[in-house]
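Here's the structure, in C-alpha cells; my notes come after.
The values are calculated or read from the model by the stated rules, or taken from the named source; none is laboratory data. Remember, predicted model here, so these are calculated numbers, not experimental data. When we count neighbours, we look across all protein chains shown, and the Cβ atoms used for this are built from the backbone with ideal geometry, even at glycine.
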Amino acid sequence: MASKIEDYALLSDLRTAALVGRDGSIDWLCLPRFDSASCFSRLLGDGEDGHWKIAPAGAHEVRRRYRDGSMVLETDFHTEHGVLRLTDFMPPHEINQDDQPCVVRVAECLKGEVELEMRWVVRFAYADSVPWVRRVRADEPVLDEFILAIAGPHTIVLRGDELPHRSPNERAHELTAHLSAGQRMSWVMQWASDPDDLPRPMAPLQELRECEDYWLDWSGKIDYEGPHAPAVRRSLTTLKALIYSPTGGIVAAPTTSLPEAIPGDRNWDYRYCWLRDATLVLLALDDFGCTSEAVAWRRWLLRAVAGDPADLQIMYGVGGERHLVEWEVDWLAGYRDNGPVRVGNAAYRQTQLDVYGEVMDALHLARERGLPESEDSWALQRGMLRHLERIWQQPDRGLWEVRGPDRHFTHSRVMVWVAFDRAVRAAEEDGLPGPVERWRELREAVHAEVLEHAWNPEIGAFTQFYGGEALDAATLLLPAVGFLPGEDERVRSTVEVIERELQRGVLVDRYSTSESTHSVDGLAGREGAFLACSFWMVDALAYAGRRDEAERMFAELVELANDVGLLAEEYDAELGSFTGNFPQAFSHLALVNSAAVLYGGRTREQKSRRGR
C-alpha cells in the first residue's frame, strides 16, 4: 500500500519527478517527462505495480531533510544497531542537457552496523507492461555490468556497487547487504531513449556534488529573509522543481489521481501546464528575485498558443501539446484503493475566461519588472483581446473547472476586467499601440456589471456566480487583483461571510460541496479544504487592515507543510491528512504570495495594480 501523501518527498531533474516515501521507497516516477507513463506506480496501486525501496531491515526511526536549499534528500534510518543514511537526488537537466533522466541513490552507514535491504520492481506503462529484465556484462571499452529492463519503447539501465538479484518468484529484484560505519553503496537508474545507445556510467558522488551546487546556486538568488524564511524558500525551490526545463512550461503537480477526498471520485491528472497556474508561479518566483524563469515561460507561451487566439486553451502539455485526452487506467486500483486513475484531463476543452486576465496580467507585470515587450508577445496579446471582445459576455466553467453547466462566474468576470485593465495600462503607461478607448469602455462596462450582478445584498457578499447565493473563496481575490480596495465595505463583508460559512479553523473551503451545490460542479462527494484558498484569506485579511489576524493565520498554515516543507492541493481536517495531487504548485505559490503581501516583495496589488 502507498504511504500517506504527507509522507512523500519530491525529487526533480527539471524534466520529471519522483516521490520517495519515509520508508525509503520511490513509489512514483514517470520517464522521461512529467506527463510520461509511470515506471513506478505503487502510489496508485501496490508494490507489484512498481517501486524501488532501500531501507534497513527491522524496526527503525526516520528523520529526513533536504540539504540546505537543494533538492537533495537525506533520510536517516535509526535502528537498534546503527544509523543508515539514504541520499536521493536526480541530476538537473540544466547541468548537462544531453543526459537522460536518472535517479541516484547513495546508502551510507553513519554509525554501528545496519542490514540494508533493496527491492526493485519496474513496471512500464502505468504498471501494464512487465519488462524483460536481464543482467549485462560488457568488457569493452571498460568493464561495465548493469541490469537492463526493456519493454517496447521503454528502456532502463540500473548500475550499482552491487546489483540486486532476481527474486525466487521472478517478480522483483532484491538485495541484502551488510554495512558498517563508514561504508557506502550507490546505485544509478537511467532512462534510455534508444536501447542501442545506452547512457554512459556515472560517478554518483560527483553527480551529488554537482546537483547540490546547482540547487544552492539557484536558491541563493532568492531574495527573502523575512519571517518563515525556510518555508518560503522551500516553496520557491519546489516551484522551480516543477518547471519542465526544456521548454519553460510549469506543471500544476507531478502526480495524477491523488483523490481530493476519500472516498470520492474527484481524481484528476495535474501533470500539465495550466496557463493560470504557470502565470501565477512565474509571478511568485519573480516576487523574490528569480526572474530568468519568466523569460523561458514567455517563450513557452508564445509557442503553445501560437495561431488563432480563438483556439486558446486553458492548459497544454509540457511541450505545448494541445490534445490531453482523458482516459481511465482501469487496471490500477488508485491511491489506497480510491480510484479512478485518470490520464489526461478533459478540462483542456473548457472555456475559462479568467485565463485571459491572468495571461495579460503576467505579461504586464513582466514589462513593469524590466522584461522588454517583444513584437510577437504584444501581437499575441492584441489577438487575445480581440477574441475576448467577442466572447466576454459568454458564461464559462470558471476557475474551478466545474463539470456542471456554464455560468457567469464572478471570478471569471473580474479577470475579464483585469484583461482589459492591463490592456489600457499597456497603452497608457507603456505606449503600446491599440484601441485604448474601446478597451477603456469595456473595462468600465465589466466593472459595473460585476458590481450589479455579483453582489448579493441579502447575503452581504459577492457570490460564486451572477444571481446566485453560493459563496466562493475566489472572491477573496478582488483586492489582490485591484478590482476593489481591501477596505471597501463590500469586500470586508464578503471576507466576514466566507469566514463564517467556508472557514474551519485556519482552513478555507473553495466552495460548498453539499448536495445543494452538486448542480454547480457536477460532481458528488466532498473534498478537503483547498490550501490556496486559506492563503487567499490571509491576503484578504491583510488588505482589509486585519494584519495581526493575517499573520497568525499564516503562521498556522505554514505549519501544515510536511516534514520537508511540501504541501498538497488540499487538507482534510477530519483525517488530519493531505489530499489531492502533491506537491501542488498552487498551494506553494499561494504561500509565497502571502509572504510577499505580509512581509515584502513585489506583490500583485502593492507593486502593480491600482485598486478602484
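Taken together, Asp98, Asp68 contain a single residue that is surrounded by fewer than 23 Cβ atoms within 10 Å (Cβ to Cβ) and on the phi > 0 side of the Ramachandran plot, which is Asp68. Taken over the range 460-486, the criterion of being farther than 22 Å from Phe586 by Cβ and modelled with pLDDT of 95 or more is satisfied by Gly460, Ala461, Thr463, Tyr466, Leu484, Pro485. Would you say Ala125 is more than 16 Å from Met189 (Cα to Cα), surrounded by fewer than 14 Cβ atoms within 10 Å (Cβ to Cβ) and of a type in the set (A, V, I, L, M)? When the stated conditions are applied, Ala125 does not pass them. Screening the candidates Glu326, Glu375, Glu368 for the property of being surrounded by fewer than 16 Cβ atoms within 10 Å (Cβ to Cβ), closer than 23 Å to Arg15 by Cα, among the acidic types (Asp, Glu) and in the same structural domain as Asn267 (by TED's automatic domain parsing) yields one hit, Glu326.
Suppose we filter Glu499, Glu444, Glu487 for residues that are in the same structural domain as Trp400 (by TED's automatic domain parsing), surrounded by fewer than 16 Cβ atoms within 10 Å (Cβ to Cβ) and assigned to a loop (DSSP other than H, G, I, E, B); which single one remains? Glu487 is the lone residue from the list that is in the same structural domain as Trp400 (by TED's automatic domain parsing), surrounded by fewer than 16 Cβ atoms within 10 Å (Cβ to Cβ) and assigned to a loop (DSSP other than H, G, I, E, B). Within the range 147-166, being farther than 18 Å from Leu29 by Cβ and in contact (Cβ under 8 Å) with a residue 24 or more places away in the chain holds for Asp161, Leu163, Arg166.
Is there a residue in the range 198-206 that is in contact (Cβ under 8 Å) with a residue 12 or more places away in the chain and among the polar types (S, T, N, Q)? Taking every residue of the range 198-206 in turn, none turns out to be in contact (Cβ under 8 Å) with a residue 12 or more places away in the chain and among the polar types (S, T, N, Q). For Leu432, the conditions (1) under 19 Å from Val495 (Cβ atoms); (2) touching a Phe, Trp or Tyr at 6+ places or on another chain (Cβ under 7 Å); (3) of a type outside the set (Gly, Ala, Ser); (4) touching a residue at least 40 places away in the same chain (Cβ under 8 Å) are fulfilled apart from (1).
How about the range 579-612: which of its residues are of a type in the set (Phe, Trp, Tyr), at pLDDT below 95 and closer than 29 Å to Ile5 by Cα? Full working, then the answer.
Narrowing the range 579-612 to residues of a type in the set (Phe, Trp, Tyr): 582, 586, 599.
Applying the additional criterion that residues be at pLDDT below 95 yields 586, 599.
Scanning the range 579-612 gives a single hit, Phe586.
Selection within the range 85-102: residues that are touching a strand residue (DSSP E or B) at 6+ places or on another chain (Cβ under 7 Å) and outside any strand (DSSP E or B). The member of this set that is modelled with the lowest pLDDT is Gln100.
Assessment of the range 140-160 against the conditions (among the acidic types (Asp, Glu) and modelled with pLDDT of 95 or more) yields no matching residue. Restricting the first member to the range 124-139 and to residues that are within 12 Å of Val157 (Cβ to Cβ), and the second to residues that are assigned to a helix (DSSP H, G or I) and not aliphatic (A, V, I, L, M), the beta-carbon pairs closer than 7 Å and six or more apart or on different chains are Pro131/Phe124.
As for the range 240-247, it holds at least one residue that is touching a His at 6+ places or on another chain (Cβ under 8 Å), closer than 26 Å to Met90 by Cα and in a loop (DSSP other than H, G, I, E, B).
This table checks each residue for (1) under 32 Å from the mean Cα position of the chain (by Cα); (2) under 14 Å from Thr87 (Cα atoms).
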| position | (1), (2) |
| --- | --- |
| Arg159 | yes, no |
| Leu175 | no, no |
| Trp187 | yes, yes |
| Ser193 | yes, no |
| Arg200 | yes, no |
| Asp213 | yes, no |
| Leu216 | yes, no |
| Gly220 | yes, no |
